[in-house]
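The values are calculated or read from the model by the stated rules, or taken from the named source; none is laboratory data. Bear in mind that the values here come from a model prediction, so they are computed numbers and not experimental data. Quick reminder, even Gly has a Cβ in these numbers, built from the backbone with ideal geometry, and neighbours come from all protein chains shown. With ligands, DNA and RNA removed, areas are computed over all heavy atoms of the protein, side chains included. Shrake-Rupley method; radii C 1.70, N 1.55, O 1.52, S 1.80 Å.
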Amino acid sequence: MENSTLSPTLRFLLGFACFVVVVAGMKAAVEIMVPFLLSAFIAILCAPALMWLESRKVPTTLAVTLVIMVVVLTIGGFSVVVAASINDFASQVPTYQASLLEETTAITGWLAGHGIELSQQMVRQQINPGKAMDLVRKVLTGFGNVLTDFFLIFLTVLFILFEASSFPGKFRRAMGEQHRSLSAFEQFNDSVKQYLIIKTLVSVGTGLFIGVWLTVQGVDYAVLWALLAFLLNFIPNIGSTIAAVPAVLLSLVQFGFGGAGVTALGFFIVNIVMGNIIEPRYLGQGLGLSTLVVFLSLLFWGWVLGPVGMLLSIPLTMIVKLAFESNPETRWLAVLLGNK
């Protein structure tokens with residue numbers, strides 16, 4: 001049966017059924033897809049450096065070796081710092097939990113002295129900062145578990161980079177110089193590279209500011225919270241807020257409410273400057289997605305692929321948008337996903 005003979009309703013139902021099947025397959029293959037997607041986007045981020053070296057007449061093998069060495073040193077150093085900090089922090093969690101419960105008791109006592117009676121048991125059930133600190137440990141451990149696939153990610157990035165220089169030529173020969181998929185692929189590649197480069201620079205700035213702010217204040221594990229701020233800044237809208245929670249709680253334990261307020265002020269300043277001034281100025285036009293779509297894509301890809309899906313939610317949504325744009329029958333969906 002030809003597509004033109006299908007009613008619009010039936011075409012919609014078939015498309016939705018295919019969507020459900022694809023999403024179910026992705027969830028079933030999440031253990032394979034997560035390392036591959038992470039490797040693909042690391043390779044996209046490294047591709048400009050590889051192309052620059054090749055344009056300077058550096059042999060492909062040597063260029064890939066140099067880029068891979070930088071990637072290994074960066075990820076390896078990141079892994080060592082995070083692993084050591086996570087293990088040390090995890091061992092201190094019970095102490096921090098006890099201190100936070102003492103702070104909760106002091107708060108209820110202060111409120112009782114001002115005529116506001118609250119049950120200690122009720123407060124501990126409804127607001128348990130100890131559980132919040134334990135949740136922080138689990139989140140950090142979850143991100144650390146992604147690094148266990150480091151060897152697989154390394155090999156995948158290596159082979160993708162070796163293929164990167166010859167792939168455009170093979171794609172042109174396979175699809176034809178004027179095929180619309182070629183322009184769509186080039187548009188996607190440029191958009192994703194622009195997004196990842198700008199987002200990485202903004203995240204580095206965020207992490208450096210938080211690291212300096214917390215170090216000056218004297219908060220424990222300042223490097224860990226700076227790395228967490230850098231990583232979670234890739235999650236749109238709420239990532240920076242989530243990154244502030246453990247640092248503010250730890251500052252509350254160490255310095256009381258005044259210190260926690262100073263820590264929160266630092267995260268507030270960096271979120272205002274980076275999130276509302278710098279990032280929209282350089283990223284807003286290139287992103288091409290509405291704010292609602294950005295938030296919904298965060299929820300969807302996080303549900304499908306876990307924490308890595310949240311980090312890669314924008315590039316993955318851009319793939320879907322470009323796929324819709326390449327087909328006249330689905331171009332209206334691309335318009336709905338856009339910011340104009």
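For region 319-340, which residues satisfy the criterion of being in contact (Cβ under 8 Å) with a residue 60 or more places away in the chain and open to solvent by less than 10 Å² (accessible area, probe 1.4 Å)?
Scanning region 319-340 gives no hits.
What is the one condition in (1) in contact with a Phe, Trp or Tyr (Cβ under 9 Å, 6 or more places away or on another chain); (2) over 28 Å from Ala29 (Cα atoms); (3) open to solvent by 60 Å² or more (accessible area, probe 1.4 Å); (4) modelled with pLDDT under 80 that Val262 does not satisfy?
Tallying (1) in contact with a Phe, Trp or Tyr (Cβ under 9 Å, 6 or more places away or on another chain); (2) over 28 Å from Ala29 (Cα atoms); (3) open to solvent by 60 Å² or more (accessible area, probe 1.4 Å); (4) modelled with pLDDT under 80, Val262 fails exactly one: (4).
Which residues, counting only those in region 320-340, are assigned to a helix (DSSP H, G or I) and charged (D, E, K, R)?
Passing the criteria: Lys321, Glu325, Arg331.
With the condition kept exactly as written, say whether any residue in region 29-41 is over 16 Å from Gly309 (Cβ atoms) and outside any helix (DSSP H, G or I).
No: zero hits.
Enumerate the pairs (first residue in region 23-49 and basic (Lys, Arg); second residue anywhere and open to solvent by less than 30 Å² (accessible area, probe 1.4 Å)) with beta-carbon separation below 7 Å, excluding pairs fewer than 6 apart on the same chain, so at least 6 apart or on different chains.
Taking only residues 6 or more apart or on different chains, the pairs are Lys27/Val304.
Answer yes or no: is there a residue in region 39-52 that is over 23 Å from Ala229 (Cβ atoms) and at pLDDT below 75.
No.
Only one of (1) surrounded by 14 or more Cβ atoms within 10 Å (Cβ to Cβ); (2) acidic (Asp, Glu); (3) within 30 Å of Val219 (Cβ to Cβ); (4) modelled with pLDDT of 70 or more is not met by Glu103, so which one is it?
(4)
Restricting region 206-227 to residues that are under 19 Å from Gly256 (Cβ atoms) and of a type outside the set (Val, Ile, Thr), which is nearest to the chain's Cα centre (by Cα)?
That would be Trp225.
Pull up region 53-88, narrow it to residues that are over 25 Å from the mean Cα position of the chain (by Cα) and of a type in the set (D, E, K, R), then point me to the one that is modelled with the lowest pLDDT.
Out of the qualifying residues, it is Glu54.
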